[in-house]
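Q: Pasting in a structure now, in structure tokens, and then I'll have a few things to ask.
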Amino acid sequence: MNQLFAIALGGSFGALLRFLVSTGVYHWLGRGFPFGTLVVNILGSFLLGLLTEALVLNRMAFALDYRAAILVGFIGAFTTFSTFSLETVYLLQQSHFVKAAMNISISVAACLLAIWLGLLCGKALTGKAVIWADGMFPYGIISVNALGALLISLVASLLLPKIPMTIEHQLTLLVVIVGAYLSFSGLYVLLYLLEHGYTHTGHTRVFLMGFIGNTGVCVLVMCLGWWVVNRLDALLLLAR
């Protein structure tokens, strides 16, 4: 029952984020080509590769429900093969054979490349930690979380303004997404520490360092992503 609830919770976040990302992409690039579905599938493939290495291959017993929520619920709802298939059939029915072929070839190639890159990043980062006599700082897991934070900030900066909603609703949505990500990514750091024998009662300082360090790094990376997007927008305006 716990896993069913976790999958349902993760799936609700994944479906919502997929709608926001695909809608933002379509408002940005138009509907002449299924860019929205392509983007969510590429992002989802990268995250699946990254988190498969981080969540599954580490075999963390404490995080079974957490893994189900992320890999089955969130990424399963975020990505969509059925919409890709439907959009491809629509292109064929409308005699857009070149676009249909491009959608198939780009989707398959880009998603395979994205999941391979995600696995490489996950393998390079997970398990890395600074260990001392009575503590640990898992900078590898925090780096994985930072990559996710960077993707969130880039997607939010580029796409959220494209979605037709009021500034108040955009701000509320942004606060909810960022708050949820910081909470769940911090929880994973704590679960990682639990798996390695640390306890919240006997190693309070280690837990605080891990949680605060993860939050600080993720917030810093998000700010960096937003800054980069804003700088690029300013340069594009000057170029015009």
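The values are calculated or read from the model by the stated rules, or taken from the named source; none is laboratory data. Keep in mind the model is a prediction, meaning the values are calculated, not measured. All Cβ positions, glycine included, derive from the backbone under ideal geometry; neighbour counts span all protein chains shown.
Q: Kindly list the number of the only condition in (1) surrounded by fewer than 18 Cβ atoms within 10 Å (Cβ to Cβ); (2) in contact with a strand residue (DSSP E or B) (Cβ under 9 Å, 6 or more places away or on another chain); (3) under 26 Å from Ala68 (Cβ atoms) that fails for Ala180.
A: (2)
Q: If I ask for residues that are assigned to a loop (DSSP other than H, G, I, E, B) and under 20 Å from the mean Cα position of the chain (by Cα), which ones from region 75-118 would you list? Steps first, please.
A: We begin by selecting, within region 75-118, every residue assigned to a loop (DSSP other than H, G, I, E, B); these are 79-80, 94-96.
Listed by number, the residues that qualify are Thr79, Thr80.
Q: Could you go through region 84-105 and let me know if any residue there is in the same structural domain as Val25 (by TED's automatic domain parsing) and acidic (Asp, Glu).
A: If we filter region 84-105 for residues that are in the same structural domain as Val25 (by TED's automatic domain parsing), which is where we start, we get 84-105.
Then drop every residue that is not acidic (Asp, Glu), which leaves 87.
There is at least one residue in region 84-105 that is in the same structural domain as Val25 (by TED's automatic domain parsing) and acidic (Asp, Glu).
Q: Only one residue in Ile163, Ile115, Ile167 is of a type in the set (Val, Ile, Thr), over 26 Å from Leu208 (Cβ atoms) and surrounded by fewer than 17 Cβ atoms within 10 Å (Cβ to Cβ), so which one is that?
A: Working: Ile163 fails: surrounded by fewer than 17 Cβ atoms within 10 Å (Cβ to Cβ); Ile115 fails: surrounded by fewer than 17 Cβ atoms within 10 Å (Cβ to Cβ).
Of the residues listed, the single one that is of a type in the set (Val, Ile, Thr), over 26 Å from Leu208 (Cβ atoms) and surrounded by fewer than 17 Cβ atoms within 10 Å (Cβ to Cβ) is Ile167.
Q: Restricting to region 124-168, count the residues that are of a type in the set (Asp, Glu) and either farther than 23 Å from Val178 by Cβ or in the same structural domain as Thr23 (by TED's automatic domain parsing) (or both).
A: Of region 124-168, the ones of a type in the set (Asp, Glu) are 134, 168.
Among the residues that remain, those that are also either farther than 23 Å from Val178 by Cβ or in the same structural domain as Thr23 (by TED's automatic domain parsing) (or both) are: 134.
So the count comes out to 1.
Q: Pick from Met209, Met165: which is over 14 Å from the mean Cα position of the chain (by Cα) and either within 24 Å of Leu64 (Cβ to Cβ) or not in a helix (DSSP H, G or I) (or both)?
A: Working: Met209 fails: either within 24 Å of Leu64 (Cβ to Cβ) or not in a helix (DSSP H, G or I) (or both).
Checking each option against the conditions leaves just Met165.
Q: Hey, another quick one. Got a number for residues in region 109-124 being within 25 Å of Val219 (Cβ to Cβ) and out of contact with any Leu (no Cβ under 8 Å at 6 or more places or on another chain)? Walk me through how you get there before you give the answer.
A: Of region 109-124, the ones within 25 Å of Val219 (Cβ to Cβ) are 117-118, 121-122, 124.
After this cut, where a residue has to be out of contact with any Leu (no Cβ under 8 Å at 6 or more places or on another chain) as well, the list is 117, 124.
Adding up the residues that qualify gives 2.
Q: Evaluate region 58-77: report whether one residue or more is of a type in the set (Asp, Glu) and either modelled with pLDDT of 95 or more or out of contact with any Gly (no Cβ under 6 Å at 6 or more places or on another chain) (or both). If you could, list the steps in order and put the result at the bottom.
A: Taking region 58-77 first, the residues of a type in the set (Asp, Glu) are 65.
Now restrict to residues that are either modelled with pLDDT of 95 or more or out of contact with any Gly (no Cβ under 6 Å at 6 or more places or on another chain) (or both): 65.
So far as region 58-77 goes, yes, one or more of its residues are of a type in the set (Asp, Glu) and either modelled with pLDDT of 95 or more or out of contact with any Gly (no Cβ under 6 Å at 6 or more places or on another chain) (or both).
Q: Sticking with this one: Go through (1) of a type in the set (S, T, N, Q); (2) in contact (Cβ under 8 Å) with a residue 12 or more places away in the chain; (3) within 14 Å of Ala146 (Cα to Cα) for Asn230 and report which single condition fails.
A: (3)
Q: Follow-up question, since we're still on this one. Go through (1) buried (at least 21 other Cβ atoms within 10 Å of the Cβ); (2) in contact with a Phe, Trp or Tyr (Cβ under 9 Å, 6 or more places away or on another chain) one by one and return the number of the condition Val39 breaks.
A: (2) is the only condition that Val39 fails.
Q: Here is a further query. Pairs needed: first member in region 1-28, in the same structural domain as Arg67 (by TED's automatic domain parsing) and within 15 Å of Val176 (Cα to Cα); second member anywhere, among the small types (Gly, Ala, Ser) and surrounded by fewer than 15 Cβ atoms within 10 Å (Cβ to Cβ); C-beta distance under 8 Å; at least 6 residues apart or different chains.
A: Phe13/Ala180
Q: Then there's this: Only residues that are free of Cβ contacts under 8 Å to residues at least 12 places away in the same chain, surrounded by 11 or more Cβ atoms within 10 Å (Cβ to Cβ) and small (Gly, Ala, Ser): list them for region 80-108, please.
A: Of everything in region 80-108, those that are free of Cβ contacts under 8 Å to residues at least 12 places away in the same chain, surrounded by 11 or more Cβ atoms within 10 Å (Cβ to Cβ) and small (Gly, Ala, Ser) turn out to be Ser85, Ala101.
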